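Trainee: Starting off with a structure, shown below.
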């Protein structure tokens, strides 16, 4: 399986150690430009992957749904916001300096809004500024080029970005799911069909999301 440089870039400093992301279920809303978008099935597979891993770890958090909305009337506003965040990211971190998210986004009833973008921009995860409890915008770009329509790549990109929404950071291991930056490589998926998590990442998920039996 080949991961291409640059397709799983996450905005710097978007998740800090200790952020409270625990919840019994985090609702997921997928905004797709069309009902036959080739990223929908990989997105569902990525969500199923994470719910299986969270269950294995014995934590209560799950990613719910997803609820899919096609050709949403707010998509244009979200696309503009997504591009603005991507353009600012090289020089502006999140936090107090980050402009508020548009009301069209904050009014959506979801903890994670997964935007299957029409744009060829960075795929990334972004915490909505000054929103409590924490909510995230996950942007998955429209890939053009040699890896277009590669479902294996897409589902790893979505799973990688959802990992950030769950509180994971990048690591320096190119053959793992949360690699960053990811370079062109041939990597073997594990028995889950995805690149593996590290032991440290599993421990972090337990620390962030807690053991429901405690």
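The values are calculated or read from the model by the stated rules, or taken from the named source; none is laboratory data. Because the structure is a prediction, the values reported are computed rather than measured. Every residue, glycine among them, receives a Cβ derived from its backbone with ideal geometry; neighbour counts consider all protein chains shown.
Trainee: Say whether the condition of being within 17 Å of the chain's Cα centre (by Cα), free of Cβ contacts under 8 Å to residues at least 60 places away in the same chain and more than 26 Å from residue 103 (Cβ to Cβ) is met by at least one residue in the stretch 53-74.
Mentor: Yes, the conditions are met somewhere in the stretch 53-74.
Trainee: Which of the residues spanning the stretch 33-51 are in a helix (DSSP H, G or I), surrounded by fewer than 18 Cβ atoms within 10 Å (Cβ to Cβ) and in contact with a strand residue (DSSP E or B) (Cβ under 8 Å, 6 or more places away or on another chain)?
Mentor: 44, 51 - these are the residues of the stretch 33-51 that are in a helix (DSSP H, G or I), surrounded by fewer than 18 Cβ atoms within 10 Å (Cβ to Cβ) and in contact with a strand residue (DSSP E or B) (Cβ under 8 Å, 6 or more places away or on another chain).
Trainee: Checking the conditions here, which among 54, 29 is at pLDDT 95 or above, assigned to a strand (DSSP E or B) and more than 21 Å from residue 152 (Cβ to Cβ)?
Mentor: Just a single option satisfies the conditions, and that option is 29.
Trainee: Restricted to the stretch 146-184, and to residues that are touching a strand residue (DSSP E or B) at 6+ places or on another chain (Cβ under 6 Å) and modelled with pLDDT under 90, which residue is surrounded by the most Cβ atoms within 10 Å (Cβ to Cβ)?
Mentor: Among those residues, the one meeting the criterion is 182.
Trainee: Out of the stretch 58-91, which residues are exposed (fewer than 15 other Cβ atoms within 10 Å of the Cβ) and under 30 Å from residue 210 (Cα atoms)?
Mentor: Passing the criteria: 58, 67.
Trainee: Which condition from (1) exposed (fewer than 15 other Cβ atoms within 10 Å of the Cβ); (2) at pLDDT below 95; (3) not in a helix (DSSP H, G or I) is the one that residue 22 breaks?
Mentor: With (1) exposed (fewer than 15 other Cβ atoms within 10 Å of the Cβ); (2) at pLDDT below 95; (3) not in a helix (DSSP H, G or I) applied to residue 22, the lone miss is (1).
Trainee: Taking residue 12 as the residue in question, decide whether it is surrounded by fewer than 14 Cβ atoms within 10 Å (Cβ to Cβ) and either in a helix (DSSP H, G or I) or modelled with pLDDT of 95 or more (or both). Walk me through how you get there before you give the answer.
Mentor: Details: surrounded by fewer than 14 Cβ atoms within 10 Å (Cβ to Cβ): yes; either in a helix (DSSP H, G or I) or modelled with pLDDT of 95 or more (or both): no.
No; evaluated as a whole, the condition is false for this residue.
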